[in-house]
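Nothing in this text is a laboratory measurement; each read-out follows from the coordinates by a stated rule. Because the structure is predicted, anything quoted here is derived from the model rather than measured. All Cβ positions, glycine included, derive from the backbone under ideal geometry; neighbour counts span all protein chains shown.
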Amino acid sequence: MQQEVVVVGGGMCGMYVAYQLAKHRPDTVVTLLEQSEQLGGTYGSIWDEHGDAHDFGMHLFYEACDERVDAPLREILPLEDWHIWPGIQKDVAGLYWQGRLQTNSHYLDLRSLPDAVRESLRQSLFDAVHSNANWQGAASAGEYLTNKFGADLAERYFAPVLQHLWHARPDELAPYALRMVSMDRVIWSDHDEWVDGSSDERYRAAIAIPDQRKLPPGVRTSPQRALYPKRYGFGHYIKQFEAKLVDLGVKVVRLAKISGLSVQADQRIVVDWSALGESKQVTADWLYWAVSPFALLKSLDASSVLPSADMPHHLGFAHFHLRHAPKMEDLYYFYCYDPGLNVFRVTNFSAYCATAATEQGYPVCVEMHYPSDAAAPTVEQCLADAKRALVKLGVTTEEDIVATGPGHIHPFGFPRPTLKNQQAFAEVRSRLNDAGSKRIVLGGVAPDQGRFFLHEILLAAANDVERIINE
Ligand SMILES: Cc1cc2nc3c(=O)[nH]c(=O)nc-3n(C[C@H](O)[C@H](O)[C@H](O)COP(=O)(O)OP(=O)(O)OC[C@H]3O[C@@H](n4cnc5c(N)ncnc54)[C@H](O)[C@@H]3O)c2cc1C
């Protein structure tokens, strides 16, 4: 029997679901509703006035190591059109911490601390490393850090960085906050000492190799690779993806606005939407909701009072072209853990995409975070702050910046991984389960389930698609 499915949200998650349904159930009528002018969400690109694409910071595709998720990528863009980064090249990352750019690793490198400080930390660190304290099941980032590294290290070194990044204490943050950046290990020893210790699983889980590029063969067991299109700009891939959706018969609607949602007695969902003067009503057998569940609750019941949540950081993207390669060695990106610059991450696109550097120069992107209680920045402010920061961080000189822009302020900001937000999500999910329909499926980021990275989102979506196809 022909099914009608409405997918809301044209990011990679919604696009994937629409694609799989249209491909594997060709009798399904799929409508994909996207509220902005373009598909792709954070995996789209900013297009400048010359038609050139600029990504929203570093966005590689990390394989899910599940063909249901990984195969569509190759179906949309042939394998030879992808850069494929295996093993330790999957993610070459660093960080700026305590006034220094660390290019050896994206874990806190504690070897630079004064000897006396290291001595004072050593006992509690290794007591924790060799204890049976359970960090995997920790209820908060604070508990995770204390159980894994000891209270001293957690309070003296991790807490200030987390405060800077998320404006919250470790005990206010969900454990996945530590995975969003890379804070689940520290660097303590030199290479040989690490090799000696690393036969112990607990040591290896807590202590990182000092130079990421020297990881001995066999230590990394995951086959996961990173992919990036050979043609610079993920948005080109998104355009190809959209064309494929249209070929498969998916009705793609941009600038769509949901004006009403209601659930019928038979569990089907009536969706009212409008776009560019067109208004439509669809009675959907399934509604795949790949955007904020808070908006879903409001759409189903405008009078519902949402649980209180921590507001996202304002998020800006600032692009520059540099005359010379940025001074960050072969790093794809680095996080900034020092306060005062509003910088979250700096991306060097030419480190993982050979066509990124052109006669215009070397493209870099600075992701800027501004606290939610401050006024939203303008594009000009974001570009000016980011430019100053690039010079201060030593990535380039003012003279070397040959082009500034484009800049972009993200409409939703960067979600903060706090326990309060996790609980708010869980509450919204449970209220939706009570009030909604079994035929409304919640996809996308799910902090209450620790789901943030794209491959995690797509793995969950692959299971959802199977459910929709088989029920
Ligand atoms: C700044 C940032 C950086 C990130 N970096 C990475 C990374 O490097 N690697 C990684 O794996 N993950 C990263 N993530 C996580 C990221 O959210 C996911 O990887 C992935 O992009 C999520 O895809 P999505 O389709 O669920 O959401 P999104 O990409 O956010 O797409 C959602 C889409 O829905 C649209 N939309 C929103 N509301 C509505 C509505 N009411 N009606 C219709 N459409 C709507 C939006 O315009 C958007 O196009 C990042 C997240 C952010 C915010």
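From the list A265, A284, A325, A290, pick out the single residue that is aliphatic (A, V, I, L, M), touching a Phe, Trp or Tyr at 6+ places or on another chain (Cβ under 6 Å) and either over 30 Å from H164 (Cβ atoms) or away from the ligand (no atom under 16 Å from the Cβ) (or both).
It is A325.
Of the residues that make up the range 332-346, is at least one among the charged types (D, E, K, R) and closer than 22 Å to G40 by Cα?
yes
Criterion first (on the phi < 0 side of the Ramachandran plot and touching a Pro at 6+ places or on another chain (Cβ under 8 Å)) does D91 satisfy it?
Spelling it out, it is not the case that D91 is on the phi < 0 side of the Ramachandran plot and touching a Pro at 6+ places or on another chain (Cβ under 8 Å).
Of the numbered conditions (1) closer than 21 Å to F334 by Cβ; (2) surrounded by fewer than 19 Cβ atoms within 10 Å (Cβ to Cβ); (3) not charged (D, E, K, R), A403 satisfies every one except a single condition; which is it?
With (1) closer than 21 Å to F334 by Cβ; (2) surrounded by fewer than 19 Cβ atoms within 10 Å (Cβ to Cβ); (3) not charged (D, E, K, R) applied to A403, the lone miss is (1).
Among the strands (runs of 3 or more DSSP E) lying completely within the range 235-290, list those that include at least 1 residues that are farther than 21 Å from A22 by Cα, charged (D, E, K, R) and over 31 Å from the mean Cα position of the chain (by Cα).
Per the criteria, 278-284.
What is the residue count in the range 367-376 for residues that are crowded, with 24+ Cβ neighbours inside 10 Å, touching a residue at least 60 places away in the same chain (Cβ under 8 Å) and either among the aliphatic types (A, V, I, L, M) or in contact with an Asp or Glu (Cβ under 9 Å, 6 or more places away or on another chain) (or both)?
0
Return the residues of the range 255-284 that are of a type in the set (A, V, I, L, M) and surrounded by 13 or more Cβ atoms within 10 Å (Cβ to Cβ); say none if nothing qualifies.
Across the range 255-284, the qualifying residues are L255, A256, I258, L261, V263, I269, V270, V271, A275, V282, A284.
Restricted to the range 296-315, and to residues that are closer than 29 Å to N342 by Cβ and over 20 Å from the mean Cα position of the chain (by Cα), which residue is farthest from the ligand (Cβ to nearest atom)?
Filtering first and then ranking leaves S308.
Do we find that V246 is exposed (fewer than 15 other Cβ atoms within 10 Å of the Cβ), hydrophobic (A, V, I, L, M, F, W, C) and within 22 Å of D464 (Cα to Cα) in this structure?
Here the answer is yes, as V246 does meet what is asked.
Taking the condition of being part of a loop (DSSP other than H, G, I, E, B) and crowded, with 22+ Cβ neighbours inside 10 Å, how many residues in the range 169-191 meet it? Walk me through it before giving the result.
Our first condition is that a residue be part of a loop (DSSP other than H, G, I, E, B); within the range 169-191, this holds for 169, 174-176, 181-185, 188-190.
If we keep only those that are crowded, with 22+ Cβ neighbours inside 10 Å as well, we get 174-175, 183, 188.
Result for the range 169-191: 4.
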